[in-house]
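This report refers to the structure that appears directly beneath it.
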């Protein structure tokens with residue numbers, strides 16, 4: 001049978017048009033103190049979240065989307081008053097899309113410590129009347145999952161049909177199956193890793209140092225000084241951005257293209273890539289909170305499910321009862337295919353159901369956010385089966 | 001869901017079209033663990049899952065097949081067999097199957113050894129190059145092209161074709177002990193002169209002493 005015929009049943013391959021449409025953010029207040037892994041206690045907090053689709057009668061069709069470093073709760077659709085503010089994973093989530101909102105009840109939230117509405121360093125601490133700033137505790141992936149579980153309780157979701165995330169979001173999805181084996185049937189970990197390598201921690205540390213050494217940082221309490229450590233945050237993002245792209249993608253997009261006609265022999269922007277990075281850095285520094293950036297990179301560094309098991313990842317995953325889909329991208333060197341295969345090996349050792357797809361893509365780590373036919377087919381095929389397990 | 005039903009029909013028929021599947025299934029006890037190398041669209045694993053309740057995984061390199069396997073509800077790991085089976089631990093499977101793939105592997109010796117590192121027993125099926133129709137083709141001066149060997153010489157993935165005798169000599173030299181053999185032409189089992197009259201061979205084997 002011809003290959004074109006063989007994939008027909010998967011439905012339309014690319015779906016840029018079908019948007020969930022107008023969505024709105026909601027808030028949930030939690031007054032039960034949350035004890036962090038570090039021992040710190042957050043007495044009360046708020047989470048901002050969005051939901052798409054309908055929760056079915058037996059509440060079995062819920063999917064949780066966990067976001068990565070700079071993500072948030074606005075996963076899909078647009079706001080009524082901001083028609084151009086499209087959710088960060090709108091190509092993946094929506095009616096008829098791989099994460100199909102006609103079949104699933106999809107929940108996206110802004111993680112605790114974030115800067116998009118959930119309680120974080122830039123929120124006002126009710127105890128002091130000032131922003132938390134440096135006093136906001138270091139948060140871990142485990143703490144996030146704990147706070148997400150409380151949100152699930154609030155929404156009446158006892159078990160997720162799937163928890164899905166890319167990169168740092170994939171770590172949360174993995175952690176869900178370890179912290180709450182009974183509460184997640186399927187884990188989709190995309191462009192993720194079971195724990196960071198030294199190189200990855202090193203990148204994070206350089207990014208943090210850029211922020212920490214910015215004279216406007218003021219030990220994290222820059223809000224009171226009415227300044228923002230823009231220079232540090234900008235550098236951190238520029239560095240990050242380099243690592244999210246592949247060498248090839250950068251060469252294709254920019255090469256050695258110059259910004260002006262001739263060489264100027266100076267320190268101003270000479271090459272297009274410099275211009276692009278500075279633009280990305282400025283854009284990000286203008287909308288993201290530096291303390292949140294620090295927290296997110298720390299959460300990445302600390303994540304290691306094997307930590308409590310003498311470094312034995314196989315033992316760490318022995319608790320899991322979920323099925324897994326692991327996806328990586330060939331040119332992703334920040335979270336390389338090899339790291340995803342380590343997840344797969346651990347799951348094979350523990351005899352979990354697992355499928356692994358290695359997507360040939362030129363876009364590096366950023367691939368997980370892009371529309372790619374094979375990637376989307378894999379997601380759709382897997383989630384169609386998940387949908388067939390739950391009642392309408 | 002009509003889409004799903006159509007797909008099921010396709011998959012069942014594809015399993016029925018492969019007589020070596022039935023022979024393989026006969027050797028696999030209920031509830032066994034199975035690794036299927038070069039598992040294609042996953043129809044053998046799905047067949048074994050339904051007929052034998054196996055705990056199965058497939059290894060496949062082709063993108064479309066990966067999607068088909070996932071749609072089939074079978075576990076599949078996207079990887080190149082030629083780079084070894086390093087994702088899999090020693091003795092982690094009861095059976096490691098190489099169905100209609102042996103002849104297309106480059107490092108055949110290494111792969112058979114890997115099969116017996118990862119699995120307790122190995123099962124291979126392959127087109128018998130010694131089948132009389134193939135011999136006749138060669139006698140007439142042409143490389144054989146048939147249902148079992150559908151490729152032209154210039155586009156074939158089959159780099160290591162062999163006869164039953166060749167495979168048995170190979171096993172002998174590799175200290176691989178053959179436990180069982182089933183030879184067939186179409187769906188008919190061949191007992192008489194199998195190396196001449198059989199178009200497909202299936203072997204079950206383990207590490208020899």
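No lab work stands behind these numbers, since they all come straight from the coordinates. This structure is a prediction, so every number in the text was calculated from the model and none was measured. Here the Cβ is made from the backbone with ideal geometry for all residues, glycine too, and neighbour counts use every protein chain on show.
In this structure, residue B:153 and residue A:360 have a Cβ-Cβ separation that, at R0 = 30 Å, corresponds to a calculated FRET efficiency of about 0.55. Applying D = kT/(6 pi eta Rh) to the protein assembly as shown, where Rh is the Kirkwood radius over alpha-carbon pairs, T corresponds to 10 °C and eta to 1.306 mPa s, the Stokes-Einstein value obtained is 60 µm²/s. Here the label points at residue B:145 and residue A:82, each 7 Å from Cα along the C-beta direction, are separated by 6.1 nm in the simple model. Helical content alone sets the calculated 222 nm signal of the protein assembly as shown at -10500 deg cm²/dmol, taking -39,500 (n - 2.57) per DSSP H segment of four or more residues and averaging over every residue. Per residue of peptide A:343-352, the mean number of Cβ atoms on other chains within 10 Å of the residue Cβ is 3.
Count the DSSP beta bridges whose two residues both fall in chain A, then state the antiparallel fraction as a percent rounded to the nearest 5. Please report the intermediate quantities before stating the final value.
Values: 15 of 43 bridges.
Within chain A, antiparallel bridges account for around 35 percent of the total.
Could you work out the mean count of beta carbons from other protein chains within 10 Å of each residue's beta carbon in B:60-72?
Values: counts 0, 1, 1, 11, 6, 2, 9, 13, 7, 4, 13, 11, 2.
For this peptide, the per-residue mean of nearby foreign Cβ atoms is 6.
Computed extension length for residue A:318-residue A:278: 9.9 nm, one decimal, from 0.36 nm per residue of separation with the Cα-Cα distance subtracted. Is segment A:295-392 rounded, prolate or oblate when judged by the Cα gyration tensor, a ≥ b ≥ c being the square roots of its eigenvalues, rounded requiring a/c under 1.5 and prolate requiring a/b larger than b/c? Taking the square roots of the gyration eigenvalues as a ≥ b ≥ c, segment A:295-392 is oblate. For segment A:118-197, what class follows from the C-alpha gyration tensor (a ≥ b ≥ c being the square roots of its eigenvalues): rounded when a/c is under 1.5, otherwise prolate if a/b is larger than b/c, else oblate? Note, shape of segment A:118-197 comes out oblate.
Would you mind ranking A:328, A:322, B:33 so that the residue whose beta carbon has the fewest other beta carbons within 10 Å leads the list?
Details: A:328 29, A:322 26, B:33 17.
Ranking A:328, A:322, B:33 by Cβ neighbours within 10 Å, fewest first, gives B:33, A:322, A:328.
For segment A:155-272, just say rounded, prolate or oblate: build the C-alpha gyration tensor, square-root its eigenvalues into a ≥ b ≥ c, call rounded for a/c under 1.5, and beyond that prolate if a/b exceeds b/c, oblate if not. Oblate is the answer for segment A:155-272, as a/c is 1.5 or above yet b/c matches or exceeds a/b. Projected label points at residue A:154 and residue B:172, each 7 Å from Cα along the beta carbon direction, are separated by 7.4 nanometres. Taking R0 as 45 Å, what FRET efficiency do you get between residue A:54 and residue A:248 from their Cβ-Cβ distance, rounded to the nearest 0.05? Once the sixth-power term is evaluated, E becomes 0.60.
For chain A, modelled as a GNM whose springs connect Cα atoms under 10 angstrom apart, the maximal fluctuation among A:255, A:286, A:266 occurs at A:266.
The calculated FRET efficiency for residue A:198 paired with residue A:308, based on their beta-carbon distance and R0 = 25 Å, is about 0.75.
For chain A, the relative contact order is 18 percent, taking Cα pairs closer than 8 Å that sit 6 or more residues apart in sequence and dividing their mean separation by the residue count. Taking A:62, A:28, A:198 in turn, the Gaussian network model of chain A (Cα-Cα springs below 10 Å) assigns the largest fluctuation to A:198. Sorting A:233, B:179, A:295 by the number of Cβ atoms found within 10 Å of their own Cβ, with the fewest placed first, yields B:179, A:295, A:233. Residues A:284, B:205, A:160, B:126, ranked from the fewest to the most other C-beta atoms within 10 Å, line up as A:284, B:205, B:126, A:160.
Comparing B:108, B:156, B:185 in a Gaussian network model of chain B (Cα springs below 10 Å), the most mobile by mean-square fluctuation is B:156.
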